[in-house]
Amino acid sequence: MWVSDPLVNKNMAIKRYFDNKAVEEKWQDLFGRNNEIVHELSPGIKIHLQRNNKLSEFILFKDFEKAEIQFITHFLQPGDTVLEIGANIGLHALYESRAVGTEGRVIAFEPAPDTFKSLQSNILLNECTNITAVNAGISSRKETLVMNTSQYYDAWNTLADSRLLENNASLFNGKVNIEVESLDQYLTDNDIAKSEISFVKIDVEGWEQFVFEGGRNFFENYAPVLMIEFDDNNTRAAGYHCCDLYDQVEKLGYDLYEIAHNKLIPQERLLNFSSRNLVGVKKNSDYFSRLHFAAV
């Protein structure tokens, strides 16, 4: 039987204390008395970060979604069109904007009004004329829905029932009405060239199933590469499971992969998915040759 070593536990506790202390000191050095700073993500890409936003801590100290960003910047090419569904403050959209260049286009959907203002601010900060910011959500049909919002955790704003989120229900302290529409309708109404869409990133905190329902025609008939968040804590709160989402995406003709060292490894169907972003690829996709697969 395994027995914990009190000395090891004590040393780990001491390490955590000093690690947290170092973060607190660096946090104070960065923000001082300011509520917002401009942080350089990489040469030529800057972002507004707010003191009272948990995502700021993730970006500054935890290499937030570093593997996903590396994948995006390696995959995208000048002239591509990208759909960023659930753009939040624009972290990924800024990298996508630079990757697709002046001839390309990023359409970034963010429904929460305050978060949308932050997205607009970051687009302006970086002079990203190739990003179209849309203050609406994507769902199965056009309607008004109630979004659960958080003052400090707005990256986790959700249309799902926040009361059902394990360990996270207390994060949400507000509600806001948002407008949503189907992806198929948006693409048609705005005369978007579907064949030029190379990449679709979907991170909507459990609402992914409804995005695919409302974009079924597009996803069935075209083959953009996808990046989709799989998180059973979120999907259960929206009334389904990630294995259902896996089946839904597979029926649209996609194989699913996880990212490892900027390569793709086949992802099997699981009964439960902890939070991760998976890449969806159709073998007949025009973009298949851009991708790097690990030997298995």
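The values are calculated or read from the model by the stated rules, or taken from the named source; none is laboratory data. Quick caveat: nothing in here was measured; it's all calculated off a predicted structure. Glycine gets a Cβ as well: all are built from the backbone with ideal geometry, and neighbour counts include every protein chain shown. Surface accessibility is based on the protein's heavy atoms, side chains included, excluding ligands, DNA and RNA. Shrake-Rupley method; radii C 1.70, N 1.55, O 1.52, S 1.80 Å.
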With no solvent and one point on each alpha carbon, what is the Debye value of log10 I(q)/I(0) for the chain at q = 0.15 Å⁻¹?
-1.26
Which loop-located GluC sites (Glu not before Pro) does region 97-161 contain, where loop means any DSSP state but H, G, I, E or B and the Cβ has at most 11 other Cβ atoms within 10 Å?
Glu103, Glu127
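Ignoring everything except DSSP H segments at least 4 long, calculate the 222 nm mean residue ellipticity for the chain; use -39,500 (n - 2.57) per segment, divide by total residues, nearest 500. Kindly include the intermediate steps, with their values, before the conclusion.
Values: 10 runs with 103 residues, N = 296.
It comes out at -10500 deg cm²/dmol, rounded to the nearest 500.
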Calculate, for region 145-246, the solvent-accessible area per residue in square angstrom, rolling a 1.4 angstrom probe over the heavy atoms of the protein chains.
40
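Would you mind checking the pairs Lys46/Lys201; Lys194/Lys263; Lys62/Lys175 and listing those with alpha carbons more than 23 angstrom apart?
Going by Cα-Cα distance, Lys194/Lys263; Lys62/Lys175 fall outside the 23 Å limit.
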Evaluate the distance, in nm, between pseudo-label points positioned 7 Å from the Cα of Ser121 and of Arg216 along their respective Cα→Cβ axes.
4.1
Give the accessible area for Thr73 in Å² (nearest 10); use a 1.4 Å probe, count only protein heavy atoms, and leave out ligands, DNA and RNA.
50
Compute, for Asp191, the solvent-accessible surface of its heavy atoms (probe 1.4 Å) with the complete set of protein chains present, and express it in square angstrom to the nearest 10.
130
Of the accessible area of the chain, with the probe set at 1.4 angstrom, what percent is carbon plus sulfur?
48
Would you pull out the residues with amide H under 5 Å of Lys46's amide H, same chain only if 5 or more places away, H placed 1.01 Å from N?
Leu41
Considering the Cα positions of region 62-129, please state its Rg to one decimal place and its Dmax as a whole number of Å.
11.6, 33
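Can you tell me what the convex hull of the Cα atoms of region 72-188 projects to on average, as an area in nm²? Write out the running numbers ahead of the final one.
Values: hull surface 31.6 nm².
For region 72-188, the mean projected area of the Cα convex hull comes to 7.9 nm².
Counting trypsin sites (Lys or Arg not before Pro) as exposed when in a DSSP loop with at most 12 other beta carbons within 10 Å, what is the longest stretch of the chain free of them?
Details: sites that count: Arg33, Lys62, Arg141, Arg269, Lys283.
Here the longest run is 142-268.
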